[in-house]
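Data block below; observations after.
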Amino acid sequence: MQAKFLVIEGLEGAGKSTAVSTVISWLAEQGITDVITTREPGGTKLAEKMRAIVKEVDTEEPLTESAELMLMYAARAQLVENVIKPALAKGQWVVGDRHDLSSIAYQGGGRGFDITVLNTLRQVAIGDFKPDVTLLLDIDPAVGLQRAKVRGELDRIELEQLSFFQRIGAKYQELAAADDTIYSVDAGQNIDNVQSQIRDVLANNVDCHNRNVD
């Protein structure tokens, strides 16, 4: 059985951490316990430094949108080559908190970078590498931001205007409609219903069992 790369995507406050735990629990129930988790940006020593730059509010030298975009792909390149690909090669399943879809939604939909620019950067950073299954936690941006505020102090990206997140949400929905490996989950429901939806998607779309070949 080939190990798979499963990714959780969504806006701030959508419940990605809980979803990651739900996926890991479901995999364990299928007998898959050799699982690692990743987060983006981040996941390696260098990538975590890049994450800190992206997240930090720096009034002395504000991070430019172009620098943000390139840091995202630089961090992703480090993570894919040094962590994700080696894990999959060893038969470890990988559950990721965000991946390339985030850049298309946030830097593309939110910041307005052209898709040709994003595609060029993606090819340089990770080539054609992509998740086997992506779970998109779909939530009203205003609701998600309110949840994020309850968690504590907001980071540099979370401080953006609501319209920024509305553009991201719309781009996520557009991307999900065009890719049959992306499954939308209504994250505005109570946690039990969200977890049930996640389990249904996994049960119907993730093959965890060995198959005998004649």
What single numbered condition from (1) farther than 30 Å from Val150 by Cβ; (2) more than 19 Å from the chain's Cα centre (by Cα) fails to hold for Asp58?
-> (1)
Scan the range 167-180 and give yes if some residue there is outside any helix (DSSP H, G or I) and either in contact (Cβ under 8 Å) with a residue 24 or more places away in the chain or not aromatic (Phe, Trp, Tyr) (or both), otherwise no.
-> yes
Subset of the range 100-120, residues outside any helix (DSSP H, G or I) and either among the basic types (Lys, Arg) or under 17 Å from the mean Cα position of the chain (by Cα) (or both), comes to Arg111
Residues that are modelled with pLDDT of 95 or more and in contact with a helix residue (DSSP H, G or I) (Cβ under 8 Å, 6 or more places away or on another chain): which helices (runs of 4 or more DSSP H) entirely in the range 1-99 hold 2 or more of them?
-> 16-29, 45-55, 65-79
Residue count, the range 45-95 (criterion: in contact with a Leu (Cβ under 7 Å, 6 or more places away or on another chain) and either within 19 Å of Ser17 (Cβ to Cβ) or among the hydroxyl-bearing types (Ser, Thr, Tyr) (or both)) | 6
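Hey, can you tell me all the residues within the range 63-99 that are within 15 Å of the chain's Cα centre (by Cα) and not β-branched (Val, Ile, Thr)?
If the condition is that a residue be within 15 Å of the chain's Cα centre (by Cα) and not β-branched (Val, Ile, Thr), then Met72, Tyr73, Ala75, Arg76, Ala77, Leu79, Gly96, Asp97, Arg98, His99 are the ones that fit.
Only one residue in Ala3, Ala47 is small (Gly, Ala, Ser) and crowded, with 22+ Cβ neighbours inside 10 Å. Which one?
Ala47
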Go over the candidates Gly42, Gly13, Gly109 one by one and state the one that is touching a Gly at 6+ places or on another chain (Cβ under 6 Å) and within 29 Å of Ala178 (Cβ to Cβ).
-> Gly13
Test result for Gln161, in contact with a strand residue (DSSP E or B) (Cβ under 6 Å, 6 or more places away or on another chain) and not β-branched (Val, Ile, Thr) | no
With respect to Leu135, is the statement that it is part of a helix (DSSP H, G or I), in contact with a helix residue (DSSP H, G or I) (Cβ under 9 Å, 6 or more places away or on another chain) and buried (at least 19 other Cβ atoms within 10 Å of the Cβ) true?
-> no
Which of the residues spanning the range 121-131 are among the aliphatic types (A, V, I, L, M) and in a helix (DSSP H, G or I)?
-> Leu121, Val124, Ala125
Could you please tell me which pairs satisfy a Cβ distance under 6 Å, a separation of 6+ or placement on different chains, a first residue in the range 195-209 that is of a type outside the set (A, V, I, L, M, F, W, C), and a second residue that is in a helix (DSSP H, G or I)?
-> Gln195/Thr22; Arg199/Trp26
Across the range 126-174, the tally of residues that are basic (Lys, Arg) and under 30 Å from Ala3 (Cα atoms) stands at 2
Are any residues in the range 138-162 in a helix (DSSP H, G or I) and out of contact with any helix residue (DSSP H, G or I) (no Cβ under 8 Å at 6 or more places or on another chain), and if so, which ones?
-> Val143, Gln146, Arg147, Ala148, Lys149, Val150, Arg151
Single residue of Thr37, Thr59, Thr33 found to be surrounded by fewer than 18 Cβ atoms within 10 Å (Cβ to Cβ), without any contact (Cβ under 8 Å) to a residue 12 or more places away in the chain and within 29 Å of Gln195 (Cβ to Cβ) = Thr33
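The values are calculated or read from the model by the stated rules, or taken from the named source; none is laboratory data. Keep in mind the model is a prediction, meaning the values are calculated, not measured. Note: ideal-geometry Cβ built from the backbone for every residue, glycine included; neighbour counts use all protein chains shown.
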